[in-house]
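First up is the structure itself, then whatever we jot down about it.
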Amino acid sequence: MVFWVGILVGAVFGWNAAKKGFYETWAFVFNIVISIYLAVFLGPIIANIPGVGDMEYGRTLTLAATAIAAFLVLHGISYTFVTGQLSVTFPKVFNTVGAAFLGFLAGFLLWSFVALLIYITPAISENALVKEMDFSSQFKQTSAPYISWWCNFVNRLSRQDSELTGEKAISGLLKDVESEEQVKQAEPDKSAKSAEPNEVAPPVEKQPGPPPKTDFEDI
């Protein structure tokens, strides 16, 4: 289900991109990729700031806010200095097919990022309907590797030798969520155990003492 929703979203983006053209689509895809890249790598760092990660859904809001803020900044810069000032023409077939292909990739990436936000939000991922869709396993098979591939692609373009790859960044987010869920599941057991009435200790049998002293012992 997760995969096919991504295909549908990618198709909608591809159809819209074919009407805009390759040049504008390329700028849009670039902004989407960099925004999600920054959210995946910087979002967890921002979420660890005291007072930020302690909020309810703090990690989800941090990743979403980082991606949105980065996209708005990049889109404003690209429109002001690139797409809004220059116009580049391409052959009609390339301008249509190439733009549709890039739009499809961007749409699938955007849905994959939304799926990541759903996964790291326990209130949504633990919903009965979402569980019936087998959302967690499908996300790990399709969306997570796709986001990791784009993150590694940006790393290669920027020639970064960092050991933190896209796979490690995504795995770190998933492990944090899974460990928190395990802690929450263990807490009710402790409270239930503490709520049990204390067991009554068995009565201690009184040991017979020495016989009382009588006046005959003094004779």
Requested in this report: Spot the failing condition for Ala100; the list is (1) within 24 Å of Asp176 (Cβ to Cβ); (2) modelled with pLDDT of 90 or more, and only one is missed.
Outcome: (1)
**Report entry** Residues of the stretch 110-137 satisfying the condition of being among the β-branched types (Val, Ile, Thr), within 19 Å of Ile170 (Cα to Cα) and in a helix (DSSP H, G or I)
**Finding:** Val114, Ile118, Ile124
Query raised in the report: If we keep just the residues of the stretch 142-182 that are among the basic types (Lys, Arg) and part of a helix (DSSP H, G or I), which is modelled with the highest pLDDT?
Result: Lys168
Report summary line: Note: among Phe30, Phe22, Phe3, just one is at pLDDT 90 or above and under 19 Å from Phe139 (Cα atoms), namely Phe3
Query raised in the report: So which pairs qualify, if the first residue must be in the stretch 27-46 and touching a residue at least 60 places away in the same chain (Cβ under 8 Å), the second must be small (Gly, Ala, Ser), the Cβ gap must be under 6 Å, and the two must be at least 6 apart or on different chains?
Result: Val29/Ala106; Ile32/Ala106; Ile36/Ala67; Ala39/Ala67; Val40/Ala169; Phe41/Ala169
Query raised in the report: How many of the residues making up the stretch 122-158 are aromatic (Phe, Trp, Tyr) and at positive phi?
Result: 0
Query raised in the report: Which residue, of Leu63, Leu74, is closer than 23 Å to Ile170 by Cβ, over 17 Å from the mean Cα position of the chain (by Cα) and of a type outside the set (Gly, Ala, Ser)?
Result: Leu74
Query raised in the report: If you check every pair at least six apart or on different chains, which have Cβ atoms under 6 Å apart with a residue in the stretch 132-145 that is among the hydrophobic types (A, V, I, L, M, F, W, C) first and a residue that is not in a helix (DSSP H, G or I) second?
Result: Met133/Met1
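The values are calculated or read from the model by the stated rules, or taken from the named source; none is laboratory data. Everything numeric here is computed off the predicted structure, so don't read it as measured data. Please note: Cβ atoms are built from the backbone with ideal geometry, for glycine as well, and neighbour counts cover all protein chains shown.
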